[in-house]
Amino acid sequence: MKLPFIFAKRFVAGESFTESVPKIEHLNEKDIKLTLDLLGENVKNRQKADETVENYIKLLRGIDEHGLESSISIKLTMMGLDIDRNYCRDNLFKLMEVAREQNQFIRIDMEGSENTQVTLDIFNEAFDEFGSHIGTVVQSMLHRTKDDVDALAEKGADIRLVKGAYKEPADIALQNMPAIREAFKEEAKVLLEKTSFPRFGTHDDELIEWLKTYTTENNIPKDQFEIQMLYGLREDTMVRLTQEGYNTRIYVPFGTDWFPYFSRRLMERKENVWFMLSTMFKK
Ligand SMILES: Cc1cc2nc3c(=O)[nH]c(=O)nc-3n(C[C@H](O)[C@H](O)[C@H](O)COP(=O)(O)OP(=O)(O)OC[C@H]3O[C@@H](n4cnc5c(N)ncnc54)[C@H](O)[C@@H]3O)c2cc1C
């Protein structure tokens, strides 16, 4: 049974790009940048993966036409990773050609740990070819991330650091919040020291306050990193951070295939259930 979109509208801007644009233009007007995410994951056949690539290309063109200050985030499992690794890489390169031609930026989101290595391998191949047009994500909850951050920082890659949204076992990932926060801080220090413009994706006040204090104490200017949050969460905080002079970006998901993304947001925080319910009663 498919739930009606009204359930998701707190966290998802619309079921199509056209429907989403009016909801997000005001963020650019407040000097908050965007990254658009066409929802979906784990595509199992080539026809659907090819369609996804075409849709991503249309999205890049749509961003250009609407003059939005926006990059896009993509998932490799939507571009055929579960079908064939090299087919997926070729699909990514097809998309990257358009991004380079239009001077746009694409970030590969990080999915579950079964895909971490292959995602970083494909990212590395794309980085060698497309350089500053591509970035990826690392998850501080994974035990391996410290080493990944060292290697990615060494290359000067454009990285978004997040805690990690997927449930992982104890031999693969840290299981408690203080340890995940501690790892996040240590990895953030490396990215701030060694890369030119790290991005931090979190709604966590403790981490945001720590970032502000650490960068001030270490004379790292506000224009050398970015704070990112998800659509529908803490927009007031983003406006305040922007007014304080920080670079900010909101990750805006849209599309008909919103259910897995929506479920992760509900599982993350019990307050999100209340947000979702309260939105349902608003016009
Ligand atoms: C821009 C962006 C991109 C992301 N990309 C990926 C990705 O590619 N792969 C991936 O695995 N994950 C991704 N994530 C999700 C991420 O891994 C976390 O699952 C998610 O951000 C929840 O962790 P958190 O640090 O935001 O806060 P949480 O760990 O959920 O919460 C910690 C504390 O922060 C505060 N807080 C949290 N939310 C709110 C709120 N709405 N209002 C008020 N206080 C709040 C509360 O004090 C809470 O106790 C992304 C997140 C963001 C923001």
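With respect to the stated conditions, residue 184 fails to be surrounded by fewer than 19 Cβ atoms within 10 Å (Cβ to Cβ) and assigned to a helix (DSSP H, G or I). Only a single criterion out of (1) within 12 Å of the ligand (Cβ to nearest atom); (2) assigned to a helix (DSSP H, G or I) is not satisfied by residue 168, namely (2).
Inspection of segment 143-154 finds a residue satisfying the criterion of being surrounded by 16 or more Cβ atoms within 10 Å (Cβ to Cβ) and charged (D, E, K, R). Screening 39, 76, 60 for residues that are aliphatic (A, V, I, L, M), closer than 29 Å to residue 246 by Cβ and modelled with pLDDT of 95 or more leaves exactly one candidate, 60. Looking at the structure I just gave you, is residue 128 among the acidic types (Asp, Glu) and either within 16 Å of residue 42 (Cα to Cα) or in contact with an Asp or Glu (Cβ under 8 Å, 6 or more places away or on another chain) (or both)? No; evaluated as a whole, the condition is false for this residue. The single condition among (1) out of contact with any Ser or Thr (no Cβ under 6 Å at 6 or more places or on another chain); (2) not in a helix (DSSP H, G or I) that residue 120 does not meet is (2).
Yes/no per residue for (1) under 17 Å from the mean Cα position of the chain (by Cα); (2) farther than 26 Å from residue 269 by Cβ:
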position	(1), (2)
35	yes, no
45	no, yes
49	no, yes
55	no, yes
59	yes, yes
72	yes, no
85	no, yes
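Checking every residue in segment 218-228 against the condition of being in contact (Cβ under 8 Å) with a residue 40 or more places away in the chain and crowded, with 20+ Cβ neighbours inside 10 Å gives at least one match.
Per the listing 72, 83, the residue uniquely aliphatic (A, V, I, L, M) and either under 21 Å from residue 201 (Cα atoms) or assigned to a strand (DSSP E or B) (or both) is 72. Selection of segment 1-59 for residues being among the basic types (Lys, Arg), under 16 Å from residue 70 (Cα atoms) and not in a loop (DSSP other than H, G, I, E, B) yields 23, 33, 58.
Would you check if there is a residue in segment 196-209 being away from the ligand (no atom under 13 Å from the Cβ), in a helix (DSSP H, G or I) and over 16 Å from the mean Cα position of the chain (by Cα)? Checked against the condition, which is being away from the ligand (no atom under 13 Å from the Cβ), in a helix (DSSP H, G or I) and over 16 Å from the mean Cα position of the chain (by Cα), segment 196-209 yields no hits at all.
Within segment 210-238, the residues that satisfy the criterion of being away from the ligand (no atom under 15 Å from the Cβ), outside any helix (DSSP H, G or I) and under 21 Å from residue 158 (Cβ atoms) are 218, 220, 221.
The values are calculated or read from the model by the stated rules, or taken from the named source; none is laboratory data. In this text the structure is predicted, and so the values were computed from the model without any measurement. Please note: Cβ atoms are built from the backbone with ideal geometry, for glycine as well, and neighbour counts cover all protein chains shown.
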